[in-house]
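Working notes, structure below.
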């Protein structure tokens, strides 16, 4: 399914709000993205028609299983790009966050996968003896520390 950049941002935002709050309302999304509620309502309607979320007027918003999977894929793509920018190219963290957010819309899933494989190969992430879960924030932090430690040893 091909989504617009805007639709990807909405999915990502809804997913992030869902992980930090119990309910998601149009107002929450509007505040987070700094846009109007009518804009959010239009986007929500489109995403609902695509089967990516459930929503009844003035009710809570819930991602469908497919919507959640897509949101995680979008976030993963952004994390991979950011990791590459920070750990390989040594771009400033703030700048990398900004650029990875923009770049995630421009690369394919295939390119993202190859970039992930490259990063794993460079830092030998594949040899970690643990139950690594790419969606777990604790695992993401562990990988960052491992990469940084291995990078320092190699320099």
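Computed from the coordinates by the stated procedures, all read-outs in this text should not be read as laboratory data. It should be emphasised that the depicted structure is a prediction, and the values quoted were computed from it without experimental measurement. Neighbour counts are summed over all protein chains in view; Cβ atoms, including those assigned to glycine, are modelled from backbone coordinates with ideal geometry.
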Given points 7 Å out from each Cα along the Cα-Cβ axis, report the residue 54 to residue 22 separation in nanometres with one decimal. 1.8 nm
Pairs of alpha-carbon atoms within less than 8 angstrom and 6+ residues apart define the contacts here; what relative contact order does region 56-104 have, in percent? 36 percent
Relative contact order, percent, of region 1-130 when contacts are C-alpha pairs under 8 Å separated by at least 6 residues? 20 percent
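Which shape class, rounded, prolate or oblate, goes with region 5-63 when its Cα gyration tensor gives a ≥ b ≥ c as root eigenvalues, a/c under 1.5 marks rounded, and past that a/b bigger than b/c marks prolate?
Details: a/c = 1.17, a/b = 1.07, b/c = 1.09.
Rounded is the answer for region 5-63, as its axis ratio a/c remains below 1.5.
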With an 8 Å cut-off on Cα pairs and a minimum separation of 6 or more residues, tell me the relative contact order of region 5-63 in percent. 34 percent
How many angstrom lie between the Cα centre of region 18-38 and the Cα centre of region 49-65? 13 Å
